[in-house]
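I have placed the structure first, in the form of structure tokens, so that the comments after it can refer back to it.
The values are calculated or read from the model by the stated rules, or taken from the named source; none is laboratory data. The shown structure was predicted, so the numbers you read here are calculated from the model rather than taken from an experiment. Methodologically, a virtual Cβ is constructed for each residue, glycine included, from the backbone with ideal geometry; neighbour enumeration extends over all protein chains shown.
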Amino acid sequence: MKKSRFAALAVAASLVTMSAVAIAPAAHASSCDAEQTSNGLYVEVCKGKTSDGANFEYRTNTENFNGTVYLWSHGYRYAVNLPAGIQPPGGTTPYIVDMSAEVGPSTYVVNQLLAAGYAVAGSGFDTQGWTVGSAVKTNVELIGILKSELPDTKGVIAWGASMGGFITQALAERFPKLIKSAAPICTAAGNVNAELTYAGDLLWGMKTFFDPSITVSGYADGPAGVGQAALNLGKVAAVLRHIGGTILETDTAKTWPATSPMPASIKAIPARSALTLIGLMAGVPTQSQHFDGSSFPGVETAFALALAPALGIAENAGYAAGLGIFATLDLERRVGGAFYDNTTTDYAARIADERASFNVALSGNSAIDGMLSILSSPYGKRITASDKGLNGLMAQVAHKGKALVPTITMTGTADMITPAGNSQWLTNKNLKNTKKFLPLWVVTDDKWTRFSATGSPDTTSTAWPNGTGHCQFSSDQVLTVAKLAASAAKKGSVPSDAAVEKAVANVDGLLFDREYSVPLLKYYQK
Amino acid sequence: MIRNTPKKRALFVSAVIAAGAMALSTMPAQAASQPGITSTEIKLGITSPLSGKVAAVYGKIPGAMKAYFSHVNDNGGVYGRKINLISKDDAYVPTLAVKATNDLIMKDKVFAIVGALGTANHLAALRSANLSGRGVPDLFVNTGFSGFADKAKYKTTFAVLPSYVMEAKIMAKYIDDNYKGKKVALIVQDDDFGLDAVAGFATAGLKPEVTIKFPTGADSLAAAQGWITGKLKPANIDIAIIFATTTTSAAVLGAAAGLQYRPTVGWMLGSVGGDSNTLRAGGVPLAILNGAIGTSFAPDPSDATDEYVNFFKGIYAKYVPGSTFDLTVLQGMNSAMLTVQALRAAGKNPTRDGLIKAIETKGAKFASAGFTPLKYSPSSHVGYSGYWIGKYSATGSLQPIDGKRVLYTTDSGSGPVVSATISRAPLPTNGLPTNS
């Protein structure tokens with residue numbers, strides 16, 4: 001089956017804007033129009049504003065509305081305008097804060113749900129950035145509007161991607177009676193500090209090894225902070241480009257960027273090994289859009305063992321850094337101070353499980369120990385949070401984790417923005433809650449790295465192989481989740497394991513196995 | 001539209017139950033819903049490098065195990081069930097080992113994993129495929145990394161090879177007994193394999209004059225020439241220990257041949273890198289191997305006086321004609337024989353838990369080609385516990401020194417190295433275990 005992939009709006013680096021929707025002028029009331037969808041349906045499209053000013057929209061197939069509404073929560077969007085010439089990876093330039101309502105993960109999926117008799121709804125939230133608390137309130141109000149304006153509404157299924165998954169889980173925990181089932185996909189989970197520690201550790205590692213001028217936290221106020229963040233992303237990109245471009249260099253010192261402060265003893269180790277170490281200690285996936293970590297040209301496995309992990313991390317790190325930089329900027333402003341803190345982080349423990357598996361990529365135990373020693377030397381100066389920042393962060397909405405309504409997660413195992421360890425956290429909270437919780441995984445394929453005739457990796461493909469990228473699911477995968485969520489909404493519990501196995505059997509890349517597990521986010525491993 | 005149409009199936013279900021009852025009365029006993037077990041088959045899985053640089057050496061293991069299983073299957077199987085070994089390629093790359101192991105468990109639904117190969121590979125697989133948490137038996141791993149016998153961490157994993165710590169301690173003991181005061185160099189991989197070795201030598205009190213640690217893969221001929229000319233020669237080394245894979249042994253010995261270099265006493269090879277057939281295939285001239293000291297827990301594959309060797313050799317020639325019988329093949333077939341005994345010990349209705357308990361309670365008595373005792377018990381998943389020391393002959397076979405096979409046993413901790421006597425059970429009749 002032809003795949004129609006979508007990219008959920010999530011974080012800075014992977015931002016892909018969906019089609020804009022006109023804003024209705026009236027507050028608390030919808031203005032509605034008929035619209036023909038690309039699959040030939042005539043649907044009613046209603047738009048309005050919630051009391052907090054958030055744009056909302058809902059779409060109904062008036063001919064066969066079955067009484068169930070899918071309420072979508074979109075992912076992270078930049079909270080600040082960015083001027084022309086400053087373009088975070090995946091973003092647009094100039095970027096204007098996007099306040100449009102979003103009713104589903106893709107037009108195709110939305111139209112399929114409408115064709116099946118469901119209604120779809122969603123808002124743009126009242127602010128952008130990490131806006132979970134107000135987004136939950138907006139969603140609650142929107143549910144009320146839906147029930148008022150669509151009196152045939154019998155039930156609401158909450159779903160969302162990335163930060164939208166976090167919002168969905170928060171909604172399900174706080175207002176379980178308002179929804180019948182929930183589907184947080186490619187979700188962040190637990191508390192936001194876990195997600196930002198992931199990105200912060202990556203940035204701190206890059207700052208320590210490659211460029212001391214990289215900012216990890218403590219952004220300036222106002223436009224200066226925005227410029228600082230954009231410049232910061234440029235520095236990270238420059239480091240990654242340098243290492244990627246010199247990865248085959250035999251003189252290891254030349255693989256280090258000129259900005260690196262490392263002593264000669266460390267520069268005797270290939271810079272790719274330091275990047276691999278940083279990626280592993282932060283928890284960046286080693287599999288990426290173009291690098292499967294398994295393939296090698298001919299019979300020479302050295303590519304897979306020594307180079308591919310660094311190349312995969314380099315591809316993913318740009319996106320993860322985007323998250324770290326712009327979400328940190330946003331949240332520091334929200335909470336009133338710097339919150340990243342690694343004063344007690346034990347980075348050796350962080351990689352204890354991986355140093356054997358990635359030993360070749362890390363250039364052996366002596367190199368690993370040498371690099372780790374840097375992290376506890378004056379070169380690796382730790383960062384302390386401000387009390388205000390840390391307290392403010394801890395006051396953000398957090399999950400308890402237990403599924404109170406039937407909940408279905410779907411997660412790419414090599415997601416570089418919201419790593420799969422987020423969903424594992426939820427899964428671990430619900431190991432015995434099998435009637436209410438169903439974890440699905442989009443696992444990576446066997447191999448997808450391509451090589452040229454001369455053995456060089458080919459990175460020209462724009463496709464996202466199963467399990468890679470952020471929220472890069474096929475329509476089949478997303479619709480399977482939607483159908484299972486609908487079934488769960490009817491039954492009051494997730495479908496039986498046998499039914500789920502049948503449902504996922506022919507969906508490429510989708511795995512259901514209750515005993516399958518991935519490593520938790522490093523933050524949760526402590 | 002998403003809709004489930006209920007169907008009345010009562011009559012159909014009744015018919016199925018009746019037919020099933022009739023069929024059951026004619027079938028062998030069957031364990032209740034055990035993955036990989038049917039009335040006619042036991043499905044096992046193995047990951048090993050079938051492609052890539054080391055495929056020519058380690059890729060022979062699945063074929064060797066299948067050869068022995070074929071012999072058992074052709075003689076009635078295990079309580080009537082045929083063993084079906086599903087082999088997956090991991091190319092000796094951890095990422096692929098994880099994928100292959102997950103596929104064996106989740107797609108092929110094997111009963112147990114057997115003979116998985118490679119320290120880094122299997123550590124990655126254990127971490128990501130959750131064998132312990134799933135309760136999947138992980139039998140007779142083909143690596144001597146001491147950590148795999150950590151029952152608290154890996155509840156379902158059973159080591160079989162003596163650990164690298166044991167091997168290093170025994171080598172150190174031999175050097176101390178026979179070459180006390182000589183200058184020793186140690187060439188070792190800079191990973192967990194090497195870490196075990198370094199720990200073992202340190203525990204035994206051996207302090208190498210020169211230690212060459214190299215990242216895995218950084219063992220080219222040119223690198224080996226540099227080690228010899230830059231470190232071994234200047235230090236006037238008496239005994240140079242190569243504790244690495246055959247790729248490294250081949251590089252070092254090949255370089256030594258080219259440079260006409262030999263430590264004053266000679267070379268000492270760890271068991272992993274000491275298979276002469278593989279070294280010969282890698283271009284190492286046998287002359288340089290002649291007189292080198294080596295270790296093994298099993299007989300040399302060319303030992304025509306050994307009943308296990310002769311039996312395995314015959315079976316291998318029958319089922320894998322044209323392929324060279326070497327130490328890797330012998331070890332693979334030996335692990336297959338242990339597997340059959342474990343399955344038999346688990347009974348006619350095997351379960352995963354039952355298989356693990358069977359090895360813990362009966363595994364120490366299993367017949368095998370190994371000369372040193374197996375240490376399986378309810379509190380230990382340690383396999384063989386020692387080595388014998390030999391010297392390579394002019395034809396490349398590892399032979400007991402002065403015609404007498406001296407065994408040493410020890411543990412992976414601080415326990416002493418002690419001499420032991422051979423306590424090997426005889427080969428079961430026609431190589432077919434009858435244990436229960």
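Considering the stretch B:375-390 alone, what residues qualify as being free of Cβ contacts under 8 Å to residues at least 40 places away in the same chain and within 20 Å of the chain's Cα centre (by Cα)? Walk me through how you get there before you give the answer.
Quick first cut of the stretch B:375-390, residues free of Cβ contacts under 8 Å to residues at least 40 places away in the same chain only: B:375, B:377-378.
Within the stretch B:375-390, B:Lys375, B:Ser377 meet the criteria.
Check off (1) in a helix (DSSP H, G or I); (2) away from every other protein chain (no Cβ under 14 Å); (3) modelled with pLDDT of 95 or more for A:Gly318 and give me the number that stays unchecked.
All conditions are met except number (3).
Any idea which of (1) touching a helix residue (DSSP H, G or I) at 6+ places or on another chain (Cβ under 6 Å); (2) of a type in the set (Gly, Ala, Ser); (3) closer than 30 Å to B:Ser146 by Cβ is the one A:Ser376 doesn't satisfy?
Answer for A:Ser376: the failing condition is (1).
Out of A:Thr407, A:Thr384, which single residue is within 30 Å of A:Tyr219 (Cα to Cα), away from every other protein chain (no Cβ under 14 Å), polar (S, T, N, Q) and in contact (Cβ under 8 Å) with a residue 12 or more places away in the chain?
Unique residue meeting the criteria: A:Thr384.
Exactly one condition in (1) part of a helix (DSSP H, G or I); (2) surrounded by fewer than 17 Cβ atoms within 10 Å (Cβ to Cβ); (3) away from chain B (no Cβ under 14 Å); (4) in contact with a strand residue (DSSP E or B) (Cβ under 9 Å, 6 or more places away or on another chain) is not met by A:Asn422; state its number.
All conditions are met except number (2).
When only residues in the stretch A:381-419 that are part of a strand (DSSP E or B) and more than 13 Å from A:Ala188 (Cβ to Cβ) count, which is farthest from the chain's Cα centre (by Cα)?
Step one: list which residues in the stretch A:381-419 are part of a strand (DSSP E or B), which gives A:407-412, A:414.
Now restrict to residues that are more than 13 Å from A:Ala188 (Cβ to Cβ): A:407-408, A:410, A:412, A:414.
Details: A:Thr407: 19, A:Ile408: 17, A:Met410: 12, A:Gly412: 9, A:Ala414: 10 Å.
Across the stretch A:381-419, the extreme among qualifying residues is A:Thr407.
Condition test on B:Leu232, is it more than 10 Å from chain A (Cβ to nearest Cβ), out of contact with any Lys or Arg (no Cβ under 9 Å at 6 or more places or on another chain) and modelled with pLDDT under 95?
Values: more than 10 Å from chain A (Cβ to nearest Cβ): yes; out of contact with any Lys or Arg (no Cβ under 9 Å at 6 or more places or on another chain): yes; modelled with pLDDT under 95: no.
In short, no.
When the stretch B:227-258 is examined, which residues are found to be outside any helix (DSSP H, G or I), buried (at least 19 other Cβ atoms within 10 Å of the Cβ) and free of Cβ contacts under 8 Å to residues at least 60 places away in the same chain?
Kept after step one, since they are outside any helix (DSSP H, G or I), are these residues of the stretch B:227-258: B:233-245.
Pick out the ones that are also buried (at least 19 other Cβ atoms within 10 Å of the Cβ) and you get B:237, B:239-245.
If the condition is that a residue be outside any helix (DSSP H, G or I), buried (at least 19 other Cβ atoms within 10 Å of the Cβ) and free of Cβ contacts under 8 Å to residues at least 60 places away in the same chain, then B:Ile237, B:Ala240, B:Ile242, B:Ala244 are the ones that fit.
Considering only the stretch B:192-201, I want to know if a residue exists there that is out of contact with any Phe, Trp or Tyr (no Cβ under 8 Å at 6 or more places or on another chain), farther than 23 Å from A:Phe358 by Cα and in the same structural domain as B:Ala250 (by TED's automatic domain parsing).
Among the residues of the stretch B:192-201, at least one is out of contact with any Phe, Trp or Tyr (no Cβ under 8 Å at 6 or more places or on another chain), farther than 23 Å from A:Phe358 by Cα and in the same structural domain as B:Ala250 (by TED's automatic domain parsing), which makes the answer yes.
Would you check which residues across the stretch B:259-295 are in a strand (DSSP E or B) and surrounded by fewer than 22 Cβ atoms within 10 Å (Cβ to Cβ) and list them?
Taking the stretch B:259-295 first, the residues in a strand (DSSP E or B) are B:266-269, B:293-295.
B:Gly266 - this is the single residue of the stretch B:259-295 that is in a strand (DSSP E or B) and surrounded by fewer than 22 Cβ atoms within 10 Å (Cβ to Cβ).
For the stretch B:71-100, how many residues meet the condition of being at positive phi and within 9 Å of another protein chain (Cβ to nearest Cβ)? Walk me through it before giving the result.
Step one: list which residues in the stretch B:71-100 are at positive phi, which gives B:76-77, B:79-80, B:91-92.
Filter once more, so that each one left must be within 9 Å of another protein chain (Cβ to nearest Cβ): B:91-92.
Qualifying residue count, the stretch B:71-100: 2.
Can you tell me which condition A:Leu390 does not meet? The list is (1) modelled with pLDDT under 95; (2) within 14 Å of chain B (Cβ to nearest Cβ), and all the others hold.
(2)
A:Asp387 passes all but one of (1) touching a Leu at 6+ places or on another chain (Cβ under 6 Å); (2) outside the structural domain of A:Gln477 (by TED's automatic domain parsing); which number fails?
Among (1) touching a Leu at 6+ places or on another chain (Cβ under 6 Å); (2) outside the structural domain of A:Gln477 (by TED's automatic domain parsing), the lone unmet condition for A:Asp387 is (1).
So that you can scan it fast, the table gives a plain yes or no per residue for (1) of a type in the set (D, E, K, R); (2) touching a helix residue (DSSP H, G or I) at 6+ places or on another chain (Cβ under 7 Å); (3) closer than 30 Å to A:Gln228 by Cβ; (4) away from chain B (no Cβ under 14 Å):
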position: A:Gly324; (1), (2), (3), (4): no, yes, yes, yes
position: A:Arg333; (1), (2), (3), (4): yes, no, yes, yes
position: A:Asn342; (1), (2), (3), (4): no, yes, yes, yes
position: A:Asp346; (1), (2), (3), (4): yes, no, yes, yes
position: A:Asp353; (1), (2), (3), (4): yes, yes, no, no
position: A:Ala361; (1), (2), (3), (4): no, yes, no, no
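Answer yes or no as to whether B:Ala224 is in contact (Cβ under 8 Å) with a residue 60 or more places away in the chain, crowded, with 18+ Cβ neighbours inside 10 Å and either small (Gly, Ala, Ser) or more than 29 Å from B:Leu330 (Cα to Cα) (or both). Spell out how you get there, then give the answer.
On the way: in contact (Cβ under 8 Å) with a residue 60 or more places away in the chain: no; crowded, with 18+ Cβ neighbours inside 10 Å: yes; either small (Gly, Ala, Ser) or more than 29 Å from B:Leu330 (Cα to Cα) (or both): yes.
Criteria not met by B:Ala224.
Can you give me the number of residues within the stretch A:493-526 that are in contact with a Lys or Arg (Cβ under 8 Å, 6 or more places away or on another chain) and assigned to a loop (DSSP other than H, G, I, E, B)? Spell out the reasoning first.
Residues of the stretch A:493-526 in contact with a Lys or Arg (Cβ under 8 Å, 6 or more places away or on another chain): A:493-494, A:497, A:503, A:508, A:515, A:519, A:522, A:525.
Going one step further and asking which of them are assigned to a loop (DSSP other than H, G, I, E, B), we end up with A:493-494, A:508, A:515, A:519.
Count: 5.
Identify all residues within the stretch A:190-240 that are surrounded by fewer than 20 Cβ atoms within 10 Å (Cβ to Cβ), touching a Gly at 6+ places or on another chain (Cβ under 9 Å) and of a type outside the set (A, V, I, L, M); write none if there are none.
A:Gly218
Pick out the one residue from A:Leu362, A:Leu329, A:Leu375, A:Leu311 that is touching a Leu at 6+ places or on another chain (Cβ under 8 Å) and either touching a residue at least 60 places away in the same chain (Cβ under 8 Å) or closer than 24 Å to A:Ile214 by Cβ (or both). Explain how you work it out, then say what you get.
Numbers: A:Leu329 fails: touching a Leu at 6+ places or on another chain (Cβ under 8 Å); A:Leu375 fails: touching a Leu at 6+ places or on another chain (Cβ under 8 Å); A:Leu311 fails: touching a Leu at 6+ places or on another chain (Cβ under 8 Å).
When all the criteria are applied, what remains is A:Leu362.
Look at A:Thr427 and say whether it is at negative phi, among the hydroxyl-bearing types (Ser, Thr, Tyr) and part of a loop (DSSP other than H, G, I, E, B).
no
Exactly one condition in (1) touching a strand residue (DSSP E or B) at 6+ places or on another chain (Cβ under 9 Å); (2) surrounded by fewer than 24 Cβ atoms within 10 Å (Cβ to Cβ) is not met by A:Thr409; state its number.
(2)
Of the residues in the stretch B:391-436, how many are under 20 Å from the mean Cα position of the chain (by Cα) and part of a strand (DSSP E or B)?
4
Suppose we keep only residues that are away from chain B (no Cβ under 11 Å) and under 27 Å from A:Val216 (Cβ atoms) within the stretch A:288-306. Which one would you say is surrounded by the fewest Cβ atoms within 10 Å (Cβ to Cβ)?
Filtering first and then ranking leaves A:Gln289.
Take the conditions over 30 Å from A:Leu248 (Cβ atoms) and buried (at least 18 other Cβ atoms within 10 Å of the Cβ) and apply them to A:Asp341. Does it pass? First the steps, then the outcome.
Details: over 30 Å from A:Leu248 (Cβ atoms): yes; buried (at least 18 other Cβ atoms within 10 Å of the Cβ): yes.
Spelling it out, A:Asp341 is indeed over 30 Å from A:Leu248 (Cβ atoms) and buried (at least 18 other Cβ atoms within 10 Å of the Cβ).
Which of the residues spanning the stretch A:256-287 are of a type in the set (Val, Ile, Thr), under 27 Å from A:Ala352 (Cβ atoms) and surrounded by fewer than 24 Cβ atoms within 10 Å (Cβ to Cβ)?
A:Ile266
Determine whether A:Ala486 is touching a Phe, Trp or Tyr at 6+ places or on another chain (Cβ under 8 Å), within 14 Å of chain B (Cβ to nearest Cβ), of a type in the set (A, V, I, L, M, F, W, C) and more than 21 Å from A:Ala317 (Cα to Cα).
Values: touching a Phe, Trp or Tyr at 6+ places or on another chain (Cβ under 8 Å): yes; within 14 Å of chain B (Cβ to nearest Cβ): yes; of a type in the set (A, V, I, L, M, F, W, C): yes; more than 21 Å from A:Ala317 (Cα to Cα): yes.
When the stated conditions are applied, A:Ala486 passes them.
List pairs: first residue in the stretch A:491-516 and more than 27 Å from A:Lys447 (Cβ to Cβ) and within 11 Å of chain B (Cβ to nearest Cβ), second residue assigned to a loop (DSSP other than H, G, I, E, B) and of a type in the set (Gly, Ala, Ser) anywhere in the structure, Cβ distance under 9 angstrom, at least six positions apart or on different chains.
none
Can you list the helices (runs of 4 or more DSSP H) lying wholly within the stretch B:1-82 that have 1 or more residues being at pLDDT below 95 and more than 30 Å from B:Asp138 (Cβ to Cβ)? Reasoning before the result, please.
Working: elements: B:10-24, B:55-58, B:60-73.
Because the criterion is at least 1 residues that are at pLDDT below 95 and more than 30 Å from B:Asp138 (Cβ to Cβ), the helices (runs of 4 or more DSSP H) in the stretch B:1-82 that meet it are B:10-24.
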